[in-house]
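S.K.: Can you read through this structure? Questions will come right after.
The values are calculated or read from the model by the stated rules, or taken from the named source; none is laboratory data. Small disclaimer: the values here were computed from a predicted structure and weren't measured. Every residue, glycine as well, gets a Cβ built from its backbone with ideal geometry; the counts of neighbours run over all protein chains shown. Note: areas computed on protein heavy atoms with side chains; ligands, DNA, RNA excluded. Shrake-Rupley method; radii C 1.70, N 1.55, O 1.52, S 1.80 Å.
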Amino acid sequence: MTHLDTRPLSSPSSQAQLLHEAADRATRYLDTLDERPVGVSPEARARLAEFEEPMPSGPSDPAEVLALLDEIGSPAAIASAGGRYFGFVIGGALPVTVAANWLAAAWDQNAAVSTLSPIGAALELTAQRWLLELFGLPAESAAAFVTGDTMANVSALAAARYAVLDRVGWNVERDGLFGAPPVTVVVGDEVHVSVTKALGLLGFGRERVIRVPVDDQGRMQPGPISLPDGPAIICTQVGNVNSGASDDVGEICNWAHEAGAWVHVDGAFGLWAAAAPARAHLVPGVTRADSWATDGHKWLNVPYDCGVVIVRDEAALRGAMSFDAAYLPTLAQREPRLYSPDMSRRARGIEVWAALKALGRSGVAELVDRCCRHAARFAEGLTDAGFEVLNQVELNQVLVSFGTPEQTNQVITAVQAEGTCWCGGTVWQGRTAMRISVSSWATTEDDVERSLAAIVEVARRVKGDDGTAGL
Ligand SMILES: *Cc1c(COP(=O)(O)O)cnc(C)c1O
């Protein structure tokens, strides 16, 4: 099984052999995903202790390093690349994006500056333009690829902070927040913790916000919020991490823009509804906002890590991120470093380009729509089996209760141990629930039926409804 390569490292064939072997091991891993439990077995977890060795005093054979990684590492990986992982909101990775990722890793490009990576800069610009077209966002918007939606929120809110203070004559990048005119920040009561964290990192304070009550799906209640005079930022959300529901961003823009406020959208996965004509009505008016944060590694199914920040006013994102002066004229070429919080970074837009090129507009729409159909089937099957679905299943999220909080938690633990699929728990508006998020290209109808059958069987066993005593 292990092919020890004893040739010197500098030999080109040893490099080729190593890469081929990595490809063999990776394909073997992916090919066996369907047969293995989705979770990690206690035995596989226990073997991770073998990595706890002292720092090696000298070199090891690279082929042996790879073999160790595969033999101990692969069984200890959660099978989230397969079709039956429904925990958190986790996409898989489209095969073309894994392949592009390997090629790009071999290129080892630094995407900070276009002279460092002409290919990285070119593909990222194209991928950004395509994303704007796909979501129907203003073509003049600026975008940047970041590690995830959290950093996209940080980046967008940094642009918002720059812009709303600039409008009242305060240069926050130069002079900081001490002594600055106060900025009012509004969030919905169901704001994602990543936005809250972003507000803290930016000096706005995690708690120094106006919280707007939400409805039973987690949407901000409609109607204007009375804002004090002065700069203001309204943080909206499309795609509640539990229910999948979205704020009415258009309605919020009506009163917020009237009041001169900046409207930001956290759309980690929900923004992708805008890319599927059959689901776009779920994110009304989303294109009217001032900034958007989303993920590539969730619904677009590119490898980790990949988030995208988009800001309508290019000067605002550049004002917050560039490390020349913000008043410099617009550059003909959008230098990546002027728009992102990082300097050196990997060219993660390459996998986004590969996904969009391979799927096309219709492929993205079908991917999004298919996941929503799968979620609807889960809701239908669980309801038919007598369990209570707690949310309106319109996007890709399903919340189900199996009775008391204790019973629901027991079912979640048993589903995870049974291994056909993996679902996590949550508390939705005071109710303990199992959360099913369908976000992967790899999920088939068969995966849904197998998972549904397993969940129902496990739940009945745990609750003792199958004639046994229950667990
Ligand atoms: C996943 C998610 C985030 C955080 O995204 P990361 O990519 O993990 O940083 C923020 N907001 C919402 C609504 C999410 O679903």
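S.K.: Can you compute the charge dipole magnitude of the stretch 81-163 about its Cα centre, using +1 on each Lys and Arg Cβ and -1 on each Asp and Glu Cβ, nothing else charged? Give it in debye, rounded to the nearest 20. Each step should come with its number before you reach the end.
M.R.: Working: 3 positive and 5 negative charges, 35 e Å.
Here the stretch 81-163 has a charge dipole of around 160 debye.
S.K.: Taking H placed 1.01 Å from N in the peptide plane, check which residues at least 5 places from Val263 or on another chain put their amide H under 5 Å from its amide H.
M.R.: Here Ile234, Asp290, Ser291 satisfy the definition.
S.K.: Starting from the Cα coordinates of the stretch 162-202, work out the convex hull volume and express it per residue in Å³.
M.R.: Values: hull volume 3.3 nm³, N = 41.
With only Cα atoms used, the stretch 162-202 gives 81 Å³ per residue.
S.K.: What range in the chain is the longest one free of GluC sites (Glu not before Pro) that are in a loop by DSSP and have at most 10 other Cβ atoms within 10 angstrom? Mind dumping the intermediate values first?
M.R.: On the way: sites that count: Glu35, Glu52, Glu140, Glu207.
The longest such stretch corresponds to 208-471.
S.K.: Of all DSSP beta bridges in the chain, what percent run antiparallel (nearest 5)? Spell out each step's value before the answer.
M.R.: Values: 23 of 39 bridges.
The answer is about 60 percent antiparallel.
S.K.: Given axes a ≥ b ≥ c from the Cα gyration tensor, I'd like to know whether the stretch 257-364 is rounded (a/c under 1.5), prolate (a/b larger than b/c) or oblate. Can you show the working numbers first?
M.R.: On the way: a/c = 2.25, a/b = 1.21, b/c = 1.85.
Oblate, since a/c reaches 1.5 and b/c is not below a/b.
S.K.: Amide H neighbours of Thr184 under 5 Å, counting only residues 5+ apart in sequence or on other chains, H built in-plane at 1.01 Å?
M.R.: Answer set, sorted by chain and number: Ala232, Ile233.
S.K.: With a 1.4 Å probe and every protein chain left in place, work out the accessible area per residue of the chain in Å², rounded to a whole number. Don't skip to the end; give the middle numbers.
M.R.: Details: 20620 Å² over 471 residues.
Result: 44 Å² per residue.
S.K.: Test of the criteria: in the stretch 165-255, which chymotrypsin sites (Phe, Trp or Tyr not before Pro) are in a DSSP loop and have at most 13 other Cβ atoms within 10 angstrom of their Cβ?
M.R.: Numbers: sites: Trp170, Phe178, Phe204, Trp255; in loops: Trp170, Phe178, Phe204.
Here the chymotrypsin sites (Phe, Trp or Tyr not before Pro) that fit, given the DSSP loop and packing criteria, are Phe178.
S.K.: Applying 1/(1 + (r/R0)^6) with R0 = 45 Å to the Cβ-Cβ distance of Thr404 and Ala77, what FRET efficiency is obtained, to the nearest 0.05? Walk me through the numbers before you get to the answer.
M.R.: Working: r = 34 Å, r/R0 = 0.75.
FRET efficiency, Thr404 to Ala77: 0.85.
S.K.: First compute the accessible area of the stretch 303-414 with a 1.4 Å probe, then give the percent of it belonging to carbon and sulfur atoms.
M.R.: On the way: 2410 of 4580 Å².
Summing carbon and sulfur atoms, their accessible area is 53 percent of the total for the stretch 303-414.
S.K.: Could you compute the FRET efficiency for Arg208 and Gln17, with r as their C-beta to C-beta distance and R0 at 56 Å, rounded to 0.05?
M.R.: 0.45
S.K.: Enumerate the calculated ³J(HN,Hα) couplings along the stretch 165-178 in order (Karplus 6.51 cos²θ - 1.76 cosθ + 1.60, θ = phi - 60°), each rounded to whole Hz, writing x wherever the residue is Gly or Pro.
M.R.: Per residue, the Karplus-derived 3J(HN,Hα) values read 7, 4, 5, 9, x, 10, 9, 6, 5, 7, 9, x, 8, 5 Hz.
S.K.: Moving on. Grab the DSSP H runs of the chain that are 4 residues or longer, score each as -39,500 (n - 2.57), total them, divide by all residues and round the 222 nm result to the nearest 500 deg cm²/dmol.
M.R.: Rounded to the nearest 500, it is -12500 deg cm²/dmol.
S.K.: With θ set to phi - 60°, apply the Karplus curve 6.51 cos²θ - 1.76 cosθ + 1.60 along the stretch 287-301 and write out the HN-Hα couplings as whole Hz, x wherever there is a Gly or Pro.
M.R.: Per residue, the Karplus-derived 3J(HN,Hα) values read 6, 8, 6, 9, 8, 9, 10, 8, 10, x, 7, 8, 6, 6, 6 Hz.
S.K.: Using R₀ = 22 Å, calculate the FRET efficiency as 1/(1 + (r/R₀)^6) where r is the Cβ-Cβ separation of Thr383 and Glu445; round to 0.05. Could you put the intermediate results ahead of the total?
M.R.: On the way: r = 18 Å, r/R0 = 0.82.
About 0.75, to the nearest 0.05.
S.K.: Let me ask another. Per residue of the stretch 149-157, what does 6.51 cos²θ - 1.76 cosθ + 1.60 with θ = phi - 60° give for ³J(HN,Hα)? Whole Hz please, x for Gly and Pro, Karplus curve as stated.
M.R.: 5, 4, 5, 5, 5, 4, 5, 5, 6
S.K.: 5 Å is the cut-off here: which amide hydrogens, built 1.01 Å from N in the peptide plane, fall below it relative to Ala442, excluding neighbours closer than 5 in sequence?
M.R.: Under 5 Å from the amide H of Ala442: Gly92.
S.K.: At Ala49 and Asp229, where each label point lies 7 Å from the Cα along Cα→Cβ, what is the point-to-point distance in nanometres?
M.R.: Each label point is offset 7 Å from its Cα along the Cβ direction, giving 6.8 nm.
S.K.: While we're here: Apply the Kirkwood formula to the chain: the hydrodynamic radius equals the inverse of the mean of 1/r over all pairs of different alpha-carbon atoms; give it in Å with one decimal. Can you show the working numbers first?
M.R.: Values: mean 1/r = 0.0418 Å⁻¹.
It works out to 23.9 Å.
S.K.: So, one more: Taking the alpha-carbon centroid of each part, what is the distance from the stretch 86-165 to the stretch 22-48 in angstrom?
M.R.: 29 Å
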